[in-house]
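What follows is one structure encoded as structure tokens, with my remarks underneath.
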Amino acid sequence: NHEHILQPALIVGKSPELNSPYQFTGRVYPHPKTQQAIMVIDKMARDRDSLSEFKPDDKDLVRLSIFKGDIREQLDKIYSDFEANVTRIFHRRDLHLLIDLTYHSPLYMILDGNVHKGWINSVVVGDSAQGKSETTLRLAEHYGLGERVDCKNASVAGLLGGLNQMGTRWMVSWGLIPTHDRRLVILEEVKGAPLEVLARLTDMRSSGIAELPKIEKRRAHARTRMIFVSNPRSDRAVSAYSFGIETIRELIGGLEDVRRFDVGLVVSAGQIDSKVINELKANRPSRPHHFTSDLCRLLVLWCWTRKPEQIRFKPDAERALYDRSVELTASFTDALPLIDKGTTHLKLARLSAALAGRLFSHDPDDTSILVVERKHVEFIAEWLSKVYSDPVFGYLDYTRAQKFASEVTDPSDVVRNIKSMKYPEDLVNHLLHTEEITVIDLADWCEIERDEAQKLLSLLVRKH
């Protein structure tokens, strides 16, 4: 939450790691050529930031036990409390959970002997006045963590970084995402950012490294949790799309950018009756406020400061990751890759670890170790399947449409009709090796009249 001031300096003898905290000792001199004030630093020592210094005491850890319990029962308690006392947004439990999972995701995790990224990128697209911005804003204020930025005037330099000229030297000035390394950024109204700006973030989102390959080549950590929030880019209502998931593709652009999201959500005005919402606003249910800002902030910081060796997947949880990933990839197409064969098990692992963190699931003998159990994996897989199968999201319907369009229907009928032609073998060879097929081609290949060729073409089109 500090303002970043760019100060030119010359460091003698040592090279610091970029976007890491240091304490510098030196003097300010006028530059001999330009008379600009410039620091000459001769001593530097690695410093600790607020996350590095976070060490909860035993009393704090006992207080966090309020978050433990049965998954469904505990989430219901937490979000009933939040709806009544924090966000004032009702009937949007999936939205609350998506934001929470992003907030409580650890930085790294060890799975199958390898260290993998643990931080989550999520996206929420939907109609106006559906509680998207309000929920993220209120939860960010409640947790006291996370930076919110409006993307209407966002540039690559603002989000990733750029170069500033000071005298004759070029200085790197890092953008919002690298400067919030290990923390969280909420990107509001993403539709205001051009697609080419979002495309520049692709590599950084997966590797956690921001890179500027310009006059001054620089790299910095950008392991930043991100929540993308926006209306559809076209200003149409979600209900005007054949499938709600198309709003995500339209908003983000390239499939490689969509694939880097761990979870997505589409909300529509038609999901909740306006009478119900107005009734709840007029007669808001009263709930005791147990999950206070202080406790929630403490839990988020506990999740953020877990080291890879402090995230433990139980053996049956690891087995469930692969089993449920197979089921999800069989149910949903990777033609629009929120679910894809290569990374679904890792997305499932990240979300499961975040859920375990959200419920303060720890080793009974060591409260510093976050434990992911099979029940966490099963819950996340079931929740993803429910969210993606929702008619408003339309991922399941989109998958069925893709399968319908790409599979030959009634292949035996196609074979029978091809064999009834005068030269079936020549016909098949030409069909396989010709880019574009016309009625005239079919008439020539099969030695038939144009009307017969038109019927054959019609059959091939009907049967996909």
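The values are calculated or read from the model by the stated rules, or taken from the named source; none is laboratory data. In this text, all values refer to a predicted model and were calculated from it rather than measured experimentally. Methodologically, a virtual Cβ is constructed for each residue, glycine included, from the backbone with ideal geometry; neighbour enumeration extends over all protein chains shown. Heads up: the accessible areas ignore ligands, DNA and RNA and are worked out on the full protein's heavy atoms, side chains in. Shrake-Rupley method; radii C 1.70, N 1.55, O 1.52, S 1.80 Å.
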>> With the requirement that a residue be at pLDDT 90 or above and not β-branched (Val, Ile, Thr), what does the stretch 209-232 give you?
In response: ALA222, ARG223, ARG225, MET226, PHE228, SER230, ASN231, PRO232
> Listed residues VAL115, VAL124; which is outside any helix (DSSP H, G or I), buried (at least 19 other Cβ atoms within 10 Å of the Cβ) and among the β-branched types (Val, Ile, Thr)?
Replying inline: VAL124
> List pairs: first in the stretch 315-328 and at negative phi and open to solvent by less than 70 Å² (accessible area, probe 1.4 Å), second in a helix (DSSP H, G or I) and polar (S, T, N, Q), Cβ under 6 Å, 6+ apart or cross-chain?
Replying inline: SER325/THR344; LEU328/THR344
> If ARG148 passes every condition in (1) outside any strand (DSSP E or B); (2) at pLDDT 90 or above but one, which one does it miss?
Replying inline: (1)
> Give me the pairs: first residue in the stretch 16-41 and closer than 15 Å to MET171 by Cα and touching a residue at least 24 places away in the same chain (Cβ under 8 Å), second residue among the charged types (D, E, K, R) and open to solvent by less than 70 Å² (accessible area, probe 1.4 Å), beta-carbon distance under 8 Å, and six or more apart or on different chains, which are they?
Replying inline: ASN19/ASP181
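Does the stretch 358-365 contain any residue that is of a type in the set (Lys, Arg) and more than 15 Å from the chain's Cα centre (by Cα)? Before you say what the answer is, go through the steps one by one.
Initially, the stretch 358-365 is screened for residues of a type in the set (Lys, Arg), giving 358.
Then drop every residue that is not more than 15 Å from the chain's Cα centre (by Cα), which leaves 358.
Checking the stretch 358-365: at least one residue is of a type in the set (Lys, Arg) and more than 15 Å from the chain's Cα centre (by Cα).
Mind listing whichever residues of the stretch 142-151 are surrounded by fewer than 16 Cβ atoms within 10 Å (Cβ to Cβ) and in contact (Cβ under 8 Å) with a residue 60 or more places away in the chain?
The answer is GLY144, and nothing else.
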> What number goes with the only condition from (1) open to solvent by 40 Å² or more (accessible area, probe 1.4 Å); (2) of a type in the set (A, V, I, L, M); (3) touching a helix residue (DSSP H, G or I) at 6+ places or on another chain (Cβ under 8 Å) that ALA154 does not pass?
Replying inline: (1)
> Hey, any hits in the stretch 228-244 for a residue that's more than 21 Å from the chain's Cα centre (by Cα), farther than 27 Å from PHE332 by Cα and open to solvent by less than 60 Å² (accessible area, probe 1.4 Å)?
Replying inline: no
>> Tally up the residues in the stretch 425-440 that are in a helix (DSSP H, G or I) and open to solvent by 40 Å² or more (accessible area, probe 1.4 Å), please.
In response: 9
> Among the listed residues LYS463, LYS419, which satisfies the condition of being among the basic types (Lys, Arg) and touching a Ser or Thr at 6+ places or on another chain (Cβ under 6 Å)?
Replying inline: LYS463
> Which residue out of LEU184, LEU251 is of a type outside the set (Ser, Thr, Tyr), surrounded by 22 or more Cβ atoms within 10 Å (Cβ to Cβ), closer than 16 Å to GLN130 by Cβ and touching a residue at least 60 places away in the same chain (Cβ under 8 Å)?
Replying inline: LEU251
> What is the number of the single condition among (1) farther than 30 Å from SER361 by Cβ; (2) of a type outside the set (Ser, Thr, Tyr); (3) touching a strand residue (DSSP E or B) at 6+ places or on another chain (Cβ under 7 Å) that LEU61 does not meet?
Replying inline: (1)
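If I filter the stretch 390-402 for residues that are under 30 Å from TRP302 (Cβ atoms), open to solvent by 30 Å² or more (accessible area, probe 1.4 Å) and within 23 Å of the chain's Cα centre (by Cα), do I get at least one hit?
So far as the stretch 390-402 goes, no, none of its residues is under 30 Å from TRP302 (Cβ atoms), open to solvent by 30 Å² or more (accessible area, probe 1.4 Å) and within 23 Å of the chain's Cα centre (by Cα).
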> So which of LEU201, LEU187 is aliphatic (A, V, I, L, M) and at pLDDT 90 or above?
Replying inline: LEU187
>> Considering only the stretch 388-410, I want to know if a residue exists there that is within 26 Å of VAL125 (Cα to Cα), touching a His at 6+ places or on another chain (Cβ under 8 Å), in contact (Cβ under 8 Å) with a residue 40 or more places away in the chain and not in a strand (DSSP E or B).
In response: no
>> Are there helices (runs of 4 or more DSSP H) fully within the stretch 1-107 with at least 3 residues that are surrounded by fewer than 18 Cβ atoms within 10 Å (Cβ to Cβ)? List them.
In response: 50-53, 58-63, 71-82
>> Quick test of your reading of the structure: PHE360 fulfils all but one of (1) outside any helix (DSSP H, G or I); (2) open to solvent by less than 50 Å² (accessible area, probe 1.4 Å); (3) in contact with an Asp or Glu (Cβ under 9 Å, 6 or more places away or on another chain); (4) not acidic (Asp, Glu). Name the failing condition by number.
In response: (3)
>> For VAL266, only one of the following conditions fails: (1) farther than 18 Å from ILE177 by Cβ; (2) at pLDDT 90 or above; (3) touching an Asp or Glu at 6+ places or on another chain (Cβ under 6 Å). What is its number?
In response: (3)
> Which condition does SER385 not pass, out of (1) open to solvent by less than 10 Å² (accessible area, probe 1.4 Å); (2) at pLDDT 95 or above, if it passes all the others?
Replying inline: (1)
